[in-house]
Structures are given as structure tokens and as C-alpha cells.
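Step one of this worksheet: look at the structure below.
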Amino acid sequence: MNAANTGLRVEILGINMASQAEYNQLVVDSHNVLPWLQDTSEQDVWGKWRIIQRDVVVLDSFNRPVLKDNLTQHDLGQVQNYNALKNALLQLAVPADTDKDGLPDDWEYGWFGNLAVTPTGDEDGDGADNLTEFTFSSSPKSPASLPFIDGYLARPAGKPALGVIFRRFAGNAAQFVVETSPDLINWTNRTSEIFRVGTVRNLYDGTGAAEVRYQQTSTAGAKPAGFIRVRVVSP
Ligand SMILES: [Ca+2]
Ligand SMILES: [Ca+2]
Ligand SMILES: [Ca+2]
């Protein structure tokens with residue numbers, strides 16, 4: 001789903017039962033394409049979510065379980081079962097914003113329990129407004145939690161190249177354009193100058209945060225000066 005609909009930010013992963021670790025190799029050998037996690041008796045995800053074999057648990061963008069389906073009872077080979085699960089995933093992948101203020105409902109409810117907060121508000125007084133805290137997936141209730149963005153210097157082929165790493169909300173309520181410039185005047189996001197390193201990595205820490213890394217190509221890095229900026233635009 002994620003590979004086919006990159007704009008939807010649907011992530012699907014498998015969680016093996018704690019006592020069934022011996023079957024992991026079987027899953028690997030069967031060319032499983034899903035990220036595959038092993039539950040443990042300490043974590044007890046199966047127990048906490050009351051999972052039985054072949055359950056599908058759908059989480060919202062705050063990692064809260066909102067729907068459960070069982071693929072033995074509802075065989076996906078039946079078109080109505082397939083469509084029901086697909087439609088539920090599609091619906092949840094688009095965050096609702098009832099008051100149309102740019103902050104998704106589940107984010108507002110998750111942090112504040114209501115829809116009364118505003119994008120320009122700064123409830124924790126840390127200088128980052130709520131829209132910025134949401135966009136970069138920091139906590140709007142903790143002044144110690146600020147949008148995380150950091151630079152680094154890489155050396156592809158022995159030449160210096162600037163990189164940036166930042167955290168973002170994993171949902172698709174905002175688009176991030178990362179650009180580089182040799183002079184702070186002319187900016188570009190051409191892949192000949194800057195590229196994403198690896199994939200967007202969901203942290204699965206309950207905040208909906210994902211981490212992403214961009215880096216100048218050796219072409220951009222070879223210029224006398226270089227800068228990177230992260231620009232956020234509405235989708
Ligand atoms: Ca809202
Ligand atoms: Ca704040
Ligand atoms: Ca904060």
C-alpha cells in the first residue's frame with residue numbers, strides 16, 4: 001500500500017506472536033515484503049491489543065488502535081472484505097480537520113482533548129507555535145520538546161557535502177520541500193543537487209513522528225558554499 005500510494009502514508013507491518021519466533025525464518029524465506037517485528041513477553045503487543053492469529057489492527061496517525069479485522073473470518077479473497085478494509089485504510093490515511101485550521105482532529109484531540117487550540121497558539125510557551133510543533137512532530141505541551149532539525153557534513157567520494165536530518169509528522173497534512181543553495185538566493189530541489197537519503201523512517205514511538213534525511217550531491221557539495229533549507233507547504 002505504501003509503495004503504491006506514496007502520498008497516503010499508509011504503513012503496513014507484521015507482528016509475530018511472542019512464542020512463535022521459530023517461524024520468522026519461514027516468513028523471511030517466503031519473500032515477505034512487510035517490515036516484520038517480533039513481539040516479546042515484555043512488550044506483549046498481542047496481549048495488550050487482544051490479538052488473535054491473522055488479526056489486522058489499524059492505527060490512526062497517533063498510533064491508537066481504531067479498527068480490528070480478522071483475515072480468517074473476512075477472507076480478502078472476497079471482494080467485499082477487500083474493499084471494506086481498503087476503504088477503512090484510505091479513510092484513516094487522510095486526517096480529518098473538522099474546524100479547517102490546518103491541525104488534524106486526531107492531533108488536537110490527542111494532545112488537548114478538544115478542537116479549541118489554534119495553529120498560532122503556543123500553549124507550552126517554547127516559541128514554536130502549534131502548527132510548527134505539529135508539522136515537525138514535537139510536543140505542543142512540553143517546552144523541552146522543540147522541532148528537531150540538525151545539519152551534518154558527509155563525505156561522498158571524499159568530497160564534503162552538507163546534509164540535514166529532521167523529524168516530521170508522518171501523516172500527509174503537509175509537504176516538505178528540501179532545497180539547497182550556493183548563495184542563499186538561488187534555491188533548488190533538483191535531484192542533481194540534493195536527494196533524500198533512504199526512506200522516511202517512522203519512529204513508532206506513539207507521537208506519529210518520522211525521521212528523514214537529505215543530502216547534497218557531490219555536484220552541489222563541490223561549490224564553494226552551500227546551504228540547505230526545509231520548506232513546508234500545504235498539500
Ligand atoms: Ca483542526
Ligand atoms: Ca509550542
Ligand atoms: Ca514544544
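The values are calculated or read from the model by the stated rules, or taken from the named source; none is laboratory data. Computed from a predicted model, the values in this text were never measured in an experiment. When we count neighbours, we look across all protein chains shown, and the Cβ atoms used for this are built from the backbone with ideal geometry, even at glycine.
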- request: Sort out which residues of the stretch 122-133 are assigned to a loop (DSSP other than H, G, I, E, B) and within 12 Å of ligand 1 (Cβ to nearest atom), and write them in order of number.
  value: none
- request: State which residue pairs qualify: first residue of a type in the set (D, E, K, R) and inside the stretch 127-146, second residue away from ligand 1 (no atom under 16 Å from the Cβ) in any location, beta carbons under 6 Å apart, and separation of 6 or more residues or different chains.
  value: Asp129/Asp122; Lys141/Asp124
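This table checks each residue for (1) within 16 Å of ligand 2 (Cβ to nearest atom); (2) aliphatic (A, V, I, L, M).
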| residue | (1), (2) |
| --- | --- |
| Val79 | no, yes |
| Ala88 | no, yes |
| Val94 | no, yes |
| Thr98 | no, no |
| Asp106 | no, no |
| Gly110 | yes, no |
| Asp129 | yes, no |
- prompt: When you go through (1) in contact (Cβ under 8 Å) with a residue 12 or more places away in the chain; (2) over 13 Å from Phe169 (Cβ atoms) one by one for Lys86, which number turns out not to apply?
  reply: (1)
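Of these, Asn32, Asn70, Asn24, which one is under 25 Å from Ala170 (Cα atoms), surrounded by 12 or more Cβ atoms within 10 Å (Cβ to Cβ), of a type in the set (S, T, N, Q) and not assigned by TED's automatic domain parsing to the domain that holds Arg168? Talk me through it step by step, then tell me what you get.
Working: Asn70 fails: under 25 Å from Ala170 (Cα atoms); Asn24 fails: under 25 Å from Ala170 (Cα atoms).
Selected residue: Asn32, the only one of Asn32, Asn70, Asn24 that is under 25 Å from Ala170 (Cα atoms), surrounded by 12 or more Cβ atoms within 10 Å (Cβ to Cβ), of a type in the set (S, T, N, Q) and not assigned by TED's automatic domain parsing to the domain that holds Arg168.
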task: Kindly indicate whether any position in the stretch 102-121 is within 16 Å of ligand 3 (Cβ to nearest atom), loosely packed, with under 13 Cβ neighbours inside 10 Å and not assigned by TED's automatic domain parsing to the domain that holds Gln215.
output: yes
statement: Of the residues in the stretch 117-144, those that are modelled with pLDDT of 95 or more and among the polar types (S, T, N, Q) come to Thr118, Thr120, Asn130, Ser142
query: Does the stretch 146-156 contain at least one residue that is surrounded by 17 or more Cβ atoms within 10 Å (Cβ to Cβ) and modelled with pLDDT under 95?
result: yes
message: Among the residues of the stretch 186-194, are any in a strand (DSSP E or B), within 18 Å of the chain's Cα centre (by Cα), surrounded by 15 or more Cβ atoms within 10 Å (Cβ to Cβ) and away from ligand 2 (no atom under 16 Å from the Cβ)?
response: no
message: Whether any residue in the stretch 134-157 is more than 25 Å from Asp60 (Cα to Cα), in a helix (DSSP H, G or I) and either assigned by TED's automatic domain parsing to the domain that holds Asp60 or more than 16 Å from ligand 1 (Cβ to nearest atom) (or both) is what I want to check.
response: yes
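Need a quick list: strands (runs of 3 or more DSSP E) entirely within the stretch 20-114 having at least 1 residues that are within 30 Å of Leu131 (Cα to Cα) and either hydrophobic (A, V, I, L, M, F, W, C) or modelled with pLDDT under 90 (or both). It would help to see each step written out before you state the result.
Details: elements: 36-38, 55-59, 65-70.
Of the strands (runs of 3 or more DSSP E) lying wholly inside the stretch 20-114, those with at least 1 residues that are within 30 Å of Leu131 (Cα to Cα) and either hydrophobic (A, V, I, L, M, F, W, C) or modelled with pLDDT under 90 (or both) span 55-59, 65-70.
Could you tell me how many of the residues in the stretch 178-204 are touching a residue at least 40 places away in the same chain (Cβ under 8 Å) and among the acidic types (Asp, Glu)?
So the first thing to find is which residues in the stretch 178-204 are touching a residue at least 40 places away in the same chain (Cβ under 8 Å), and the list is 178-184, 187, 202, 204.
Narrowing further to those that are among the acidic types (Asp, Glu): 179, 183.
Of the residues in the stretch 178-204, 2 are touching a residue at least 40 places away in the same chain (Cβ under 8 Å) and among the acidic types (Asp, Glu).
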